[in-house]
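The values are calculated or read from the model by the stated rules, or taken from the named source; none is laboratory data. Quantities reported herein were computed from a predicted structural model and do not represent experimental measurements. Here the Cβ is made from the backbone with ideal geometry for all residues, glycine too, and neighbour counts use every protein chain on show.
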């Protein structure tokens, strides 16, 4: 059975339809899937995927098309950016080969992965910045992808880059709008509500001091009211702390110092911080895990510990980096599920497991809490 090649007009019409389809979407996750599905249809490939690399060259996102979900579950892990996929990430140049297995850069397929033969890979770039890579395999109706297929996918990748950038900008504008509103609410709480409560507390304190010595019961009631107001102020300060989300910018030592400053400003609890040298050259993944673990740990101290002192220590050896956060607060029983602090501990444990590290929390009622995160480097 012969394959009828599409005419240039049909190809142009398909390309215009594809470009318009991806340009009309602003949800980043949806647009990545739309790009993969459209690219596969454009060149009649059996499989297609889009990989988004992180700063270390590993694939942090991998969206695929043409593979049944049941079949995908049989694969032990998604591609990590090695072999031919890694070559595109490193070189940022298109690759078109008739047989993956015969290429010296190939490292084979994991167990459960479908066999693939012909391959076409194209980087998605915008103003010199890599946004992702398109991978297409198994050209249907031909032994390999043609030069026209390569040209078509390169043109489509240019349109896809604009669509991805537009979606990213749209989400960033939305994020900044939310952040601005949260910051405004935090300022209003700090400058308005807290000051008003504080003024009421001072008034009650003055009344208590002016009362006769024999009004013991009334004095106790006033003490209870003043303590309640102070608790309300502390809770609002902790709420303000949560309203100001911190994002990891890449400089770990600066990020930790900023977390500590904000924690002290909002809780009035002193923090002793010790950070070893040669921390800022850590790879992005462990550095980000350390920052997020410190952020969640300090937030838990602010919400639950009622601590008077906190220490944060970050040390690095030749093989590992270790974060230790200790407080002298009221502590809790780590084995009591009803007393565990939300999802924070589970998140920290999962973060350590994902990087081949170890996470440990030591605490007991009345004996404070120590959080330890150790990651290999």
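Answer yes if at least one residue in segment 38-59 is buried (at least 20 other Cβ atoms within 10 Å of the Cβ), modelled with pLDDT of 80 or more and part of a loop (DSSP other than H, G, I, E, B), and no otherwise. So far as segment 38-59 goes, yes, one or more of its residues are buried (at least 20 other Cβ atoms within 10 Å of the Cβ), modelled with pLDDT of 80 or more and part of a loop (DSSP other than H, G, I, E, B). Taken over segment 354-371, the criterion of being in contact with a strand residue (DSSP E or B) (Cβ under 9 Å, 6 or more places away or on another chain), more than 24 Å from residue 308 (Cβ to Cβ) and either surrounded by 14 or more Cβ atoms within 10 Å (Cβ to Cβ) or at pLDDT below 85 (or both) is satisfied by 355, 357, 358, 359. Being outside any strand (DSSP E or B) and within 22 Å of residue 354 (Cβ to Cβ) is the filter here; which residues of segment 60-74 pass it? Hits for segment 60-74 are 72, 73, 74. Does residue 194 fit the bill of being out of contact with any strand residue (DSSP E or B) (no Cβ under 6 Å at 6 or more places or on another chain), modelled with pLDDT of 70 or more and in a helix (DSSP H, G or I)? When the stated conditions are applied, residue 194 passes them.
May I ask you to list the residues in segment 321-347 that are outside any loop (DSSP other than H, G, I, E, B), modelled with pLDDT of 85 or more and in contact with a helix residue (DSSP H, G or I) (Cβ under 6 Å, 6 or more places away or on another chain)?
Matches in segment 321-347: 323, 325, 327.
Filtered by the rule that a residue be part of a loop (DSSP other than H, G, I, E, B), farther than 24 Å from residue 30 by Cβ and at pLDDT 80 or above, segment 75-100 gives 82, 92, 93, 94, 98, 99.
Give the residues of segment 133-162 that are part of a strand (DSSP E or B) and either at negative phi or loosely packed, with under 15 Cβ neighbours inside 10 Å (or both), sorted by residue number.
Residues satisfying the conditions are 133, 134, 135, 136, 137, 139.
Residues in segment 30-45 that are closer than 19 Å to residue 149 by Cα and out of contact with any helix residue (DSSP H, G or I) (no Cβ under 8 Å at 6 or more places or on another chain): 36, 37, 40, 44. Here residue 177 passes the criteria (1) without any contact (Cβ under 8 Å) to a residue 24 or more places away in the chain; (2) over 24 Å from the mean Cα position of the chain (by Cα) except the one numbered (2). Condition (residue is assigned to a loop (DSSP other than H, G, I, E, B), farther than 18 Å from residue 44 by Cα and without any contact (Cβ under 8 Å) to a residue 24 or more places away in the chain) applied to segment 109-120: is it met by at least one residue? Yes, the conditions are met somewhere in segment 109-120.
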